[in-house]
Amino acid sequence: MPAEKKNDATATRKPDSPHSPKSPASSSATTAFATPKKKSIMRPKQKPTTVLVSKNNSTNSSTSLGKHPHFLSPLPTSSPTRPRDSAKGGLLPQVSPSSTGSADAPTPKPGCAGGDGKDHQVNHVAVPSSMSLEPSSRQNSATLNPICRHNSMRKTAFVVVDYGATAEQGTRKTMEDQHTMLFEGIPFFGVYDGHGGTQCAEYLRDQLHGLILGHPEVKTNPEKAIIDGIVEADRAFLARSEAETNESGSVCAVALIIDDKLVVGNVGDAEVVLSHNAKPVVLTVRHSISSNPSEEERIRSVGGKVCHNRVGHPNYNPAVVSLAVTRAIGDAGFKLPKYTDGKPSGVIAVPETSVTRLTDDDEFLVIGCDGLWDVMTYAEVVDFCYQRFEEGVPAQCIAEELAQAALMKGSTDNVTAMLVHLTRREGPLSTREFVPEAAVSTSTRNLSEEP
């Protein structure tokens, strides 16, 4: 769980600080992270192809997929075979943002002009009131600038041309991380960092994508689909926990790619970072008291306890029984009346979401748990990945090297690193129509299963 203050304050695009923390003495083998000079990134000519749903092994979690020689090359314009539609689930209960401390979106500002003098369209993201507008202590020298994109009358979409994921147990006695990568229909990526047992993270691995992708509004209102899906997963898992006397919990970070939109949601301290012109753009908010003061205010406002930057249990000494994150799925011991005597702890499962309009300057996505982000800055992670993409290293190998780098820098937690390389394709087709056949997941049954 979080070991340093990061105060990831906003769901808008945020550049990282150029200053990286010093590595421990034991990490003498750590790679130096210099800001790369951007150039055309070459990709390997031959790469194996596999189908992946999700794994939690400390070895490879997937193999790379890619068919294009250049890092930013567009996909072919010919129309491939349309895969069959995935099953859709029922309507999930709507969650009112106002009931969870969220505020209405700010009034959008006019578009801005880019360096080429052309008009650009700025993507504005609603910032809930629970998110501080102050920059992180890790990024206090940076300026928060919106990312602009060229106006275009053509339909565009971004597709996955390479991916990789790995999970390392590290020095922990158990592996509690899980992850999911799906490519049928709307590409879906999720990282789940469990605590107090493996059950909750495993449940999310098997069920959350079905709840989100099966939502009837996933294409028209994907943020609502993410919120409803995670809240429903929490409700269903708590019901199971009550019957099984299971108090495990999990944080999560998920990402969907719908045409030229990247839709992200997270609960807890799992994070999503986008590489834009080889610079990090943080798309998630860290839900912990040490990094997000507004979360402490929310906990105290409902009568919850705070002790040593942790959420205390309502009925026990908070110095003994506490939780490192303020939002999580599961954690029946902090939510069910049978454990709290009806006293609120303040721990909720409502995610915060953001929507980003992708541009040609957006290169790849990194999704990771706190075992990665606690020891490496956003700039270090993006520089690390970008340099290796320039060298033609496959995404799977980069993900494995990234997890090892986190361990060398002193991470004692489970480490999950997921890397997704994106590229644009223009045309009238939807994202579903040009997902490579080899990347289609075999777990379609999960899209229609009831939790």
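Quick rundown of the values:
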item: Qualifying residues in the stretch 319-347 (those that are under 24 Å from Val191 (Cα atoms) and among the small types (Gly, Ala, Ser)) - the one surrounded by the fewest Cβ atoms within 10 Å (Cβ to Cβ); result: Ser322
item: Positions within the stretch 359-392 being of a type in the set (Ser, Thr, Tyr) and in contact with a His (Cβ under 9 Å, 6 or more places away or on another chain), in sequence order; result: Thr359, Thr377
item: Test: Leu213 is over 30 Å from Val393 (Cα atoms), modelled with pLDDT under 95, touching a Ser or Thr at 6+ places or on another chain (Cβ under 7 Å) and not small (Gly, Ala, Ser); result: no
item: Criterion (in a loop (DSSP other than H, G, I, E, B) and either over 16 Å from the mean Cα position of the chain (by Cα) or crowded, with 24+ Cβ neighbours inside 10 Å (or both)) met by exactly one of Val382, Val375, Val366; result: Val375
item: Any hit, the stretch 403-415, residues being assigned to a strand (DSSP E or B), under 19 Å from Gly190 (Cβ atoms) and modelled with pLDDT of 95 or more; result: yes
item: The one condition in (1) farther than 22 Å from Met418 by Cβ; (2) surrounded by fewer than 21 Cβ atoms within 10 Å (Cβ to Cβ) that Val355 fails to fulfil; result: (1)
item: Any hit, the stretch 301-318, residues being surrounded by fewer than 24 Cβ atoms within 10 Å (Cβ to Cβ), under 29 Å from Ala417 (Cβ atoms) and within 21 Å of the chain's Cα centre (by Cα); result: no
item: Given (1) farther than 25 Å from Asn414 by Cβ; (2) part of a helix (DSSP H, G or I); (3) hydroxyl-bearing (Ser, Thr, Tyr), index of the condition Thr220 fails; result: (2)
item: Subset of the stretch 227-253 (residues that are in contact with a helix residue (DSSP H, G or I) (Cβ under 6 Å, 6 or more places away or on another chain) and assigned to a helix (DSSP H, G or I)); result: Gly229, Glu232, Ala233, Phe237, Leu238, Ser241
item: Cross-chain or 6+ apart pairs with Cβ under 6 Å, the stretch 322-340 first and of a type in the set (D, E, K, R), then assigned to a strand (DSSP E or B); result: Arg327/Val267; Arg327/Ile348; Asp331/Gly249
item: Members of the stretch 179-223 found to be polar (S, T, N, Q) and either buried (at least 24 other Cβ atoms within 10 Å of the Cβ) or free of Cβ contacts under 8 Å to residues at least 12 places away in the same chain (or both), listed by number; result: Thr180, Thr220, Asn221
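The values are calculated or read from the model by the stated rules, or taken from the named source; none is laboratory data. Computed from a predicted structure; not experimentally measured. Using ideal geometry, Cβ is built from the backbone for each residue, glycine included, and neighbour counts are taken over all protein chains shown.
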